[in-house]
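Down below is the structure, laid out as structure tokens.
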Amino acid sequence: MSVSKLFYSTSEVARLFKVNRVTIYRWAKDRKIKAYEIGKHMKIPISEVRRLLNEFGLSLTDIQDMCESSGDVELMESAQYLSETKSGKRLVIAIDDNEELLTLIEGLFERSDLKDFCNLLTFSDSLEAALQIGGEGRPDLLLLDVRMSGMDGVDLAKKIRSIYDDVKIVFMSGYPRDEIEARIRDLCVVDYLVKPFDFNTLYSLIRRTLH
């Protein structure tokens with residue numbers, strides 16, 4: 001499965017819990033909920049949405065039923081994502097500034113059994129990824145390009161590894177490994193795939209690493 005966000009907007013949270021959007025801002029200001037400024041917008045991590053569900057005494061079924069009765073398509077998708085990411089599946093995050101490659105990786109998940117035990121999150125912007133990772137929880141596997149604008153893959157891997165010390169890392173690059181070996185040696189990466197690579201190889205690598 002491919003997902004595109006780990007955070008909810010204030011309007012989505014307000015609609016989910018049937019409160020005014022101003023109330024959400026007030027909760028954030030009073031530190032009753034955890035929120036982040038991303039760009040010019042306030043975002044609430046999905047982990048906080050789940051905590052609010054418990055506080056309100058609501059189940060995911062309650063939320064889904066409410067969304068379906070309202071006919072709010074966007075909110076139904078948000079509720080569905082809450083349900084799917086609660087399933088205990090492993091989280092794979094792919095970060096590459098080549099959007100075509102990300103689309104191919106999404107296709108690999110959709111047409112294989114990877115979607116049965118993994119959720120996939122993709123980013124084409126490494127800085128956006130650095131901001132958002134952590135909103136959902138612990139990533140299990142990173143698929144990282146090496147040379148990207150903004151923050152390069154090695155620096156991003158080190159940042160994420162400093163937070164999640166057991167996350168598995170696979171680099172994907174058009175450059176030979178020996179060109180950056182000194183920079184990645186301490187990361188103990190699972191593998192280094194040189195582009196273009198065989199997607200059967202990527203499939204087997206993900207299954208071997210996570211299943």
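The values are calculated or read from the model by the stated rules, or taken from the named source; none is laboratory data. Only a predicted model underlies this, so the values are computations on that prediction, with no experimental measurement involved. Glycine gets a Cβ as well: all are built from the backbone with ideal geometry, and neighbour counts include every protein chain shown.
Remarks
- Residues that are surrounded by 13 or more Cβ atoms within 10 Å (Cβ to Cβ), at pLDDT below 90 and among the charged types (D, E, K, R) within region 159-176 comprise Lys159, Arg161, listed in sequence order.
- Checking each residue in region 162-182 for being within 24 Å of Glu48 (Cβ to Cβ) and in a helix (DSSP H, G or I) picks out Ser162, Ile163.
- Residue count, region 105-124 (criterion: closer than 22 Å to Leu187 by Cβ and either modelled with pLDDT under 85 or assigned to a helix (DSSP H, G or I) (or both)): 1
- Selection from region 135-153 of residues that are surrounded by fewer than 20 Cβ atoms within 10 Å (Cβ to Cβ) and over 23 Å from Ser204 (Cα atoms): Gly137, Arg147, Ser149, Gly150, Met151, Asp152
- Which numbered condition Val194 fails, given (1) out of contact with any Ser or Thr (no Cβ under 8 Å at 6 or more places or on another chain); (2) over 29 Å from Ser47 (Cα atoms); (3) among the β-branched types (Val, Ile, Thr): (1)
- Enumerated helices (runs of 4 or more DSSP H) restricted to region 1-103, each holding at least 2 residues that are modelled with pLDDT under 80 and in contact with a helix residue (DSSP H, G or I) (Cβ under 6 Å, 6 or more places away or on another chain): 60-70, 73-85
- Any chance Leu142 is assigned to a strand (DSSP E or B) and in contact with a strand residue (DSSP E or B) (Cβ under 8 Å, 6 or more places away or on another chain): yes
- In region 145-157, the residues that are in a helix (DSSP H, G or I) and under 17 Å from the mean Cα position of the chain (by Cα): Gly153, Leu156, Ala157
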